[in-house]
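Since the structure comes first, as structure tokens, the remarks are kept for the end.
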Amino acid sequence: MHTVEEGAVRLIASGDSWIDGAVVGQLYAAAKLEGVREVIAFPDVYPGPDFAIGAAVLSEVIHPKLTGADLGCGVGLWKTDLRRDQVNLDEWAEIRFDLGHPWEGDIARRLAKASLASTFSPMEFGTLGGGSHFAEAQVVEKIYHRARFKDLDLEREQVLVAVHSGSGSVSEDAFRTVPDGRDAEAFLAAQQIATRWAKASRALIAERFSHSLGGGCERVVDVAHNSITPYEEFGEAFWLHRRGAAAAHEGPVLIPGSRGTLSYLVEPIDEGFGNAGSIAHGCGRKWPRSLSRQKSRERFGAERLVETELGGRVVCENRDLLYEEAPLAYKNIERVIRDLLEAGLVRVIASFRPVFTYKMREIRR
């Protein structure tokens, strides 16, 4: 493990980690922005539309574009009352789920419970969205830290649910309202709304997904990946921008792999290791979507991608998305976790194996 550090840019990754050359230019471009003091990238980093995804930036001023347009996007983990021996992939694959369709329950009440007005994108609330978002049933693969695992009231034989989703048009509205970030108070207020909405929506997605599988659920962790927060380092005050990075001071974090690899529940060690209180948020993309489609089609038929090498099942009825999200399009999650361990940033609590992943059904007419 080694850390590459040049000027204001710091890359926390080993020499054999997959780092796209284009991401380096994005990191250095961010370092030249007004007020930026430090740019830190993690082993999952990859190029984004405006800025690298998998990075944190310390700046004296707010730069909204460094967070991306999906404030509050993140990953949560829920424990269910389903047991491992109740997993039935053939039966589950026939369930509609319909997580792309509006929830038919009392959305206004759910939004109010999250201190949000009923006008905040009610039709999107509790829906999954596209891209890399997913709802997934997982089972325990290995327990590394038994005491911490027990502290979280987790059990070896229970089924867990992981959800990756964002804030959709709520975040887009926030960016239109505060386009340049000069009004910090207004931007942070808009961000708070988007983050509350995203977390409440993830909770509803987890509930809808779990109920469709035949069980109830209870949240274990939920961490946002895109945010701007006040941060102090060595007595100096900064704005900490996270783009595809998880906070290292909010408790355990689920770091998901691809749909065909393990996910890891880790405990961040936030002791001032020069990581701006942040860690990796996932395994990170290896290839952009267009290249992923091409390479996946060259190697696999669609039927090969709905069953994983770990014995899991994937429901994704959008053929292009299925190819774009193929496991080979992502980096090696084990390498990412090893890099974090070798850098002294985390300890692993447990690993989970994906057994059933839902992305989308065809739209019903």
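A few comments on the model shown:
- Computed magnitude of the charge dipole of segment 199-274 (debye, nearest 20; Cβ of K, R +1, Cβ of D, E -1): 600
- Three-way shape label, segment 216-365, alpha-carbon gyration tensor, a/c 1.5: prolate
- Taking a point 7 Å from the Cα of Glu236 along the Cα-to-Cβ direction, the residues of segment 34-57 with backbone N closer than 17 Å to it are 34-41, 56-57.
- Over segment 1-149, relative contact order from alpha-carbon pairs under 8 Å, at least 6 apart, %: 13
- Relative contact order of the chain: 23 percent, from C-alpha pairs under 8 Å at least 6 residues apart in sequence.
- The alpha carbon centroids of segment 298-365 and segment 102-153 are separated by 19 Å.
- Per-residue ellipticity at 222 nm from helix content only, as computed over the chain with -39500 (n - 2.57) for each DSSP H run of at least four residues, stands at -8000 deg cm²/dmol.
- Measuring r between the beta carbons of Ala117 and Phe300 and using R0 = 56 Å, the FRET efficiency lands at 0.80.
- Toward the positive end of the charge dipole of segment 255-365, with +1 on the Cβ of Lys and Arg and -1 on the Cβ of Asp and Glu, the farthest Cα among Leu265, Ala329, Ile279 is that of Ala329.
- In segment 268-364, the GluC sites (Glu not before Pro) that fall in loop regions by DSSP, at most 10 other Cβ within 10 Å: Glu271, Glu309, Glu362
- Structural descriptor for segment 175-272: relative contact order 16 percent, calculated from alpha carbon pairs under 8 angstrom and at least 6 residues apart.
- Counting every C-alpha pair in segment 29-174, the share spaced more than 22 angstrom apart comes to 59%.
- Taking a sphere under 12 Å around the Cβ of Arg289 and counting the other residues whose Cβ falls inside, with K and R at +1 and D and E at -1, yields a net charge of +1.
- Structure note, pairs Lys32/Lys359; Lys79/Lys142; Lys150/Lys359: Cα-Cα distances above 26 angstrom occur for Lys32/Lys359; Lys150/Lys359.
- Linear extension gain, Glu91 paired with Glu185, 0.36 nm per residue minus alpha-carbon span: 28.9 nm
- Tensor-based shape of segment 223-268 (alpha-carbon gyration tensor, a/c under 1.5 rounded, otherwise prolate or oblate): prolate
- Extension gain for the segment Arg319 to Glu34, taken as residue separation times 0.36 nm less the Cα-Cα distance, is 98.4 nm to one decimal.
Each reported figure results from applying straightforward, stated rules to the coordinates on display, with no laboratory input. The shown structure was predicted, so the numbers you read here are calculated from the model rather than taken from an experiment. Glycine gets a Cβ as well: all are built from the backbone with ideal geometry, and neighbour counts include every protein chain shown.
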